[in-house]
Each structure stands twice: as structure tokens, then as C-alpha cells.
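Reading through the C-alpha cells given below for one structure.
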Amino acid sequence: MPGFESLEVWGGATFDACIRFLGEDPWERLRTIRKHVKNTKLQMLLRGQNLLGYKHYPDDVVDAFIQKSIENGIDVIRVFDALNDLRNLEQSVKSIIQHGGHAQMTICYTISEVHTDAYYVQLVKDMEAMGAHSICIKDMVGILTPRRLETLVRLIKEVTKITNSCSYTLNKWYCRNDIP
């Protein structure tokens with residue numbers, strides 16, 4: 001039966017918004033969603049070593065937060081660092097894998113003299129070596145054209161067997177291994 005691979009229902013600013021603006025318990029919200037969404041994986045967005053906050057947290061805090069997120073219903077954790085600094089993702093990925101979650105690592109796409117095909121290929125190889133289950137190409141500012149996406153996905157497929165996904169700003173479109 002067709003359906004969604006996963007629903008991103010938690011993480012990012014939702015945790016903060018629940019507490020600060022809605023007066024809700026974000027953990028209870030997650031458990032309620034999990035109770036009602038039985039046949040679809042639940043996904044969250046995580047800022048690596050920053051978790052859902054705006055500063056770095058110690059490794060033990062990162063591990064405990066990820067463990068509790070998975071215990072309370074999260075299946076897939078899309079982890080990213082806006083500067084593609086994989087050092088900020090190491091503990092998160094390790095904890096996600098250790099606690100039985102799906103580690104989806106994210107390439108934050110941008111354009112510059114540094115961000116070449118070789119740069120992105122090496123990034124994917126490093127993510128695979130870290131244990132990524134899947135890779136997301138995230139275009140947060142809307143500069144990734146369909147043609148560039150095609151070349152990027154083809155390059156990724158040449159160097160890894162990891163599943164890749166694409167997330168476009170404002171959710172204008174979403175692709176999943178759909179480029180031959």
C-alpha cells in the first residue's frame with residue numbers, strides 16, 4: 001500500500017515552540033503522535049551537537065537526548081550542521097546508531113569556490129564512513145536547480161550505495177532516488 005516513508009514531526013524549532021509558545025510538553029506531543037501514526041516512521045530534525053538548541057551540548061547530553069527521542073517514538077533522525085562540519089555530527093550519529101535509530105545525515109547545499117563536485121563527493125564518502133543510513137541534500141535557501149540536483153545525485157550514486165533524499169526549501173518538491 002502506498003504511503004509516506006516518514007513524517008517529520010519533531011525537532012528543529014518544534015520543541016522550543018511547544019514549551020515557549022504553546023505551553024505543551026514536547027515529549028507528550030511526540031508520544032501522542034506516535035500513538036496515532038502507527039504505520040509510518042516518525043522523523044525529526046536535529047542540529048548535531050546543538051541538538052534543538054542554539055549552543056553546543058556535552059556528548060552525554062546529546063546521547064541521552066537521542067536515546068529518549070528514539071524511546072518516545074522517533075525512528076529517523078535527520079542530523080545536520082549548516083556548515084557541513086562533520087565533527088559536529090559525530091556524537092549524534094554514533095548515538096542514533098547505538099540506540100537503534102536511522103541516521104540520516106544531511107548535505108547543506110550551497111554555491112562557492114569551495115563547494116565543488118569533489119567537495120560533495122568527499123562529504124558523502126565521509127558520511128558513509130561515519131555510518132549514515134541515508135543522506136539528505138538540503139537546499140535551505142532555494143538555489144539548487146533541478147539540473148544541478150541531477151548532477152549531484154548522479155555523483156553521489158557513483159560513490160555510495162547509501163539511499164539519498166532531497167529536501168527543497170519551502171517543501172516545493174521532494175525527491176527520493178528518482179534520477180536514473
remark   = Checked region 85-127 for anything closer than 27 Å to K68 by Cβ and among the acidic types (D, E); matches are D85, E90
ask   = Pick from A64, A17: which is surrounded by fewer than 16 Cβ atoms within 10 Å (Cβ to Cβ), in contact with a helix residue (DSSP H, G or I) (Cβ under 9 Å, 6 or more places away or on another chain), over 30 Å from I143 (Cα atoms) and among the aliphatic types (A, V, I, L, M)?
value = A64
note = Within region 106-120, restricting to residues that are in a helix (DSSP H, G or I) and closer than 21 Å to G48 by Cα, the one that is farthest from the chain's Cα centre (by Cα) is Y119
note = Those helices (runs of 4 or more DSSP H) completely within region 1-79 that have 3 or more residues that are touching a strand residue (DSSP E or B) at 6+ places or on another chain (Cβ under 9 Å) are 26-36, 59-71
query = Among the numbered criteria (1) at negative phi; (2) among the aliphatic types (A, V, I, L, M); (3) under 12 Å from the mean Cα position of the chain (by Cα), which single criterion is violated by L52?
reply = (3)
ask   = Only one residue in G100, G48 is surrounded by 15 or more Cβ atoms within 10 Å (Cβ to Cβ), among the small types (G, A, S) and within 21 Å of A129 (Cβ to Cβ). Which one?
value = G48
remark   = Among L7, L86, the single one that is within 28 Å of R147 (Cα to Cα), touching a helix residue (DSSP H, G or I) at 6+ places or on another chain (Cβ under 6 Å) and surrounded by fewer than 19 Cβ atoms within 10 Å (Cβ to Cβ) is L86
task = With respect to V79, determine if the residue is buried (at least 21 other Cβ atoms within 10 Å of the Cβ) and over 20 Å from T163 (Cβ atoms).
result = no
query = Checking V153 against (1) in contact with a strand residue (DSSP E or B) (Cβ under 9 Å, 6 or more places away or on another chain); (2) surrounded by fewer than 21 Cβ atoms within 10 Å (Cβ to Cβ); (3) outside any helix (DSSP H, G or I), which test does it fail?
reply = (3)
key: Which numbered condition C18 fails, given (1) among the hydrophobic types (A, V, I, L, M, F, W, C); (2) touching a residue at least 24 places away in the same chain (Cβ under 8 Å); (3) in contact with an Asp or Glu (Cβ under 8 Å, 6 or more places away or on another chain)   = (2)
ask   = Being touching a His at 6+ places or on another chain (Cβ under 9 Å), in a loop (DSSP other than H, G, I, E, B) and either of a type in the set (V, I, T) or closer than 24 Å to A13 by Cβ (or both), is that true of even one residue in region 126-147?
value = no
Complete set of residues in region 86-110 that are more than 17 Å from I74 (Cα to Cα), in contact (Cβ under 8 Å) with a residue 40 or more places away in the chain and of a type outside the set (S, T, N, Q) = L86, L89, E90, Y109
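Read the figures in this text as sums done on the coordinates, not as results from a lab. Model, not experiment: these values are computed from the prediction. When we count neighbours, we look across all protein chains shown, and the Cβ atoms used for this are built from the backbone with ideal geometry, even at glycine.
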